[in-house]
Amino acid sequence: MKIIPSLALFLAIGCILAAGCVAQTKKETVNSTTAVTANSTFAPFTNTSDPRLNQTINATANVTVKPPIKGPLRVSISGYPVELDVLVDNITVGQAKPSMPLDLMVDEGLHNVTVCVGWICEHENITARFGKQVTVDFGERLRKVVEFPEPTARILEYFKNGYGLSVKVEFINPSKKDLLMSAEVSCGYSYIDDRTSIKMGDSVRGNVVQYVKAGERVTDSLDLYFVSGHAYSYDVPRILSTTIR
């Protein structure tokens, strides 16, 4: 009777030890798997020895973009008295001269061609085509809208005024900045001297000054007085010099 309890106790201890061994074995297996996963690093595979890959890279590197097709364009100002910058699509591309047009090659398609005198600009829309020259002449339009391309003084009219002459002077400022402009006006004349009754000759000069804003015109009058006498005869008055500051 005493042998059976002892056997039962022995079997129980054997089972507990067997279970511990199994559990320990499973724990070590999990730790080993985790360690491998954490320390593993993925390295992408590149086969640089594959000739097909090299051919693809070289083909990509050797691809060239064909330049756009262009068409001829000539821009002229037909004798307009100054050289003017020519702009195509708001980019300066050269100068047109009074006696020499500007020849260009521009991409096919629509373009805006512009020339400016001071703050006044003339525009033309054109369509460029391969092998077909497009000509734009701004000369006539410029002469209408900007008769004088540079700051100028001119005599508009004159008339006898008692013992002298009244002269109307116009100052023209086509530039982009305000200017102080002056003109020296001269007029030759002849007369009969009251004391001697001899015909005499003389000339008279005068200055007129005006402040002229950019792109504007100003008119002013100047009186030129003759010496005492009678039977006056006078030449056409003229501007001797113009000063611009």
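The values are calculated or read from the model by the stated rules, or taken from the named source; none is laboratory data. Model, not experiment: these values are computed from the prediction. For neighbour counting, all protein chains shown are included, and Cβ atoms are generated from backbone atoms with ideal geometry for every residue, glycine included.
Scan I155, I120 and give me the residue that is at pLDDT 95 or above, more than 13 Å from L73 (Cβ to Cβ) and touching a Pro at 6+ places or on another chain (Cβ under 8 Å). Working first, answer last.
Details: I120 fails: at pLDDT 95 or above.
Only one candidate passes the filter, namely I155.
Going by the structure shown, is T92 in contact with a Lys or Arg (Cβ under 6 Å, 6 or more places away or on another chain) and either outside the structural domain of Y225 (by TED's automatic domain parsing) or under 27 Å from D235 (Cβ atoms) (or both)?
Numbers: in contact with a Lys or Arg (Cβ under 6 Å, 6 or more places away or on another chain): no; either outside the structural domain of Y225 (by TED's automatic domain parsing) or under 27 Å from D235 (Cβ atoms) (or both): yes.
For T92, the condition - in contact with a Lys or Arg (Cβ under 6 Å, 6 or more places away or on another chain) and either outside the structural domain of Y225 (by TED's automatic domain parsing) or under 27 Å from D235 (Cβ atoms) (or both) - is not met.
Return the residue satisfying two criteria in turn: it lies in the stretch 193-234 and is in contact (Cβ under 8 Å) with a residue 60 or more places away in the chain, assigned to a strand (DSSP E or B) and of a type outside the set (A, V, I, L, M, F, W, C), and of such residues it is farthest from I244 (Cα to Cα).
Y232
Looking only at residues in the stretch 104-133 that are closer than 18 Å to L84 by Cα and of a type in the set (A, V, I, L, M), which one is surrounded by the fewest Cβ atoms within 10 Å (Cβ to Cβ)?
Only one residue fits best here, namely I120.
Checking the structure you have, find out if any residue of the stretch 156-166 is surrounded by 12 or more Cβ atoms within 10 Å (Cβ to Cβ), in contact (Cβ under 8 Å) with a residue 24 or more places away in the chain and within 16 Å of S241 (Cβ to Cβ).
Scanning the stretch 156-166, I find no residue that is surrounded by 12 or more Cβ atoms within 10 Å (Cβ to Cβ), in contact (Cβ under 8 Å) with a residue 24 or more places away in the chain and within 16 Å of S241 (Cβ to Cβ), so the answer is no.
Just the residues that are loosely packed, with under 15 Cβ neighbours inside 10 Å, under 14 Å from L165 (Cα atoms) and of a type in the set (A, V, I, L, M, F, W, C), please, taken from the stretch 188-230.
Hit for the stretch 188-230 is V227, nothing else.
Given the conditions (1) exposed (fewer than 14 other Cβ atoms within 10 Å of the Cβ); (2) more than 20 Å from Y80 (Cβ to Cβ), and given that V145 satisfies all but one, which numbered condition is not satisfied?
(2)
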